[in-house]
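Peer 1: Quick one: the structure is below, and I'll ask about it shortly.
Please treat every number below as a calculation from the coordinates, not as lab data. These numbers come from a predicted model, not from an experiment. Backbone-built Cβ (ideal geometry, glycine too); neighbour counts: all protein chains shown.
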Amino acid sequence: MSDSAPIVLFLCTGNAARSVMCGAMLEARFPGLTTITAGTHVVEGMPMSIRTRNALDGVGITNPMHRSHQLTEEDLRKSDLVVALAPEHVQYVRRSHARAAARTATLKRFVRDLPATSGPLSARVASLGLADVAVEDWEEVVDPAGGDEAVFHACAAELLPLVDALCAEVQRGEVEVA
């Protein structure tokens, strides 16, 4: 885990749409924050699709240098928050990388539950007991893969307010740490 500003890892399946959008959005909202994006089942090194790029452009954000990346133990070791985009990604971390389970949740769960906690970000995350929380269907951000451009734009529109809310909570934790 990091010693200064938090490092946020966004996790989806192919690291081609949802996690890419979230990483670009959070970096645009919180300059200086380090984000990592990764997937659970990735073809390594692929550029983002034109549909993902256009969806980001549609919300005023660009990320031209993205290349798909398979989640690694090193990514998890460095990360303060592991933000999954679907319940299956939380389950993947619990099965394959149990040491990171206590700081892994879906974006929707972090947005819902972090505001109810106080203290430094690491203590707030620890207080959620994430390794043992049942993951529920409502937590999923549906993968736009296979959809047309409108589906990708709808995904970006769903993600932007969620990322904004997460950003506010991460920044609140930073103020409390200082």
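Peer 1: Add +1 for every Lys or Arg and -1 for every Asp or Glu among the other residues with Cβ under 12 Å from the Cβ of His69, and state the total.
Peer 2: Residues close to His69 contribute a combined charge of -2.
Peer 1: Distance between Cα centroids, the stretch 38-76 to the stretch 92-126: provide it in whole Å.
Peer 2: 22
Peer 1: Residue by residue, what Karplus-based ³J(HN,Hα) values in Hz, rounded to whole numbers, does the stretch 120-128 have, using 6.51, -1.76 and 1.60 with θ = phi - 60° and x for Gly and Pro?
Peer 2: Taking θ as phi minus 60°, the curve returns x, 3, 4, 5, 5, 5, 4, 5, 7 Hz for the stretch 120-128.
Peer 1: Give me the distance in nm between label points sitting 7 Å out from Cα along the Cα-to-Cβ direction at Ser122 and Gln70, one decimal.
Peer 2: 3.0
Peer 1: His69's amide H: which non-local residues (gap 5+, or another chain) put their own amide H closer than 5 Å, with H modeled 1.01 Å from N in plane and none for Pro or chain starts?
Peer 2: Gly39, Gly45
Peer 1: Now, a different point. Among Tyr92, Ser122, Gly45, flag the residue with its Cα farthest along the positive direction of the charge dipole of the chain, charges on Cβ as +1 for Lys/Arg and -1 for Asp/Glu.
Peer 2: Selected residue: Ser122.
Peer 1: Still on this structure, please answer the following. Which of these values of volume of the Cα convex hull per residue in Å³ was calculated from the structure shown: (1) 153; (2) 103; (3) 175?
Peer 2: (2)
Peer 1: Helix 18-29 versus the longest principal axis of the chain: what angle, 0 to 90°, nearest 10, using Cα atoms?
Peer 2: Approximately 70 degrees, to the nearest ten.
Peer 1: Let me ask something else. Picking from Thr13, Phe30, Ala55, whose Cα lies most toward the positive end of the charge dipole for the chain (charges on Cβ: Lys, Arg +1; Asp, Glu -1)?
Peer 2: Phe30
Peer 1: For the stretch 87-97, what does the Karplus curve 6.51 cos²θ - 1.76 cosθ + 1.60, with θ = phi - 60°, yield as ³J(HN,Hα) per residue in whole Hz, taken in order and with x for Gly and Pro?
Peer 2: x, 4, 6, 5, 4, 4, 4, 4, 6, 9, 9
Peer 1: How much net charge surrounds Arg95 when only other residues with a Cβ under 15 Å from its Cβ are counted (Lys, Arg +1; Asp, Glu -1)?
Peer 2: Values: positive: Arg94, Arg99; negative: Glu73, Glu88, Asp132.
Around Arg95, the surrounding residues sum to -1.
Peer 1: Can I ask one more? Helix-only estimate, please: 222 nm mean residue ellipticity of the chain, summing -39500 (n - 2.57) across DSSP H runs of length 4 or more and dividing by its residues, to the nearest 500.
Peer 2: -13500 deg cm²/dmol
Peer 1: Can I ask one more? Can you list residues from other chains, or at least 5 along the same chain, whose modelled amide H is less than 5 Å from the amide H of Thr34?
Peer 2: Val8
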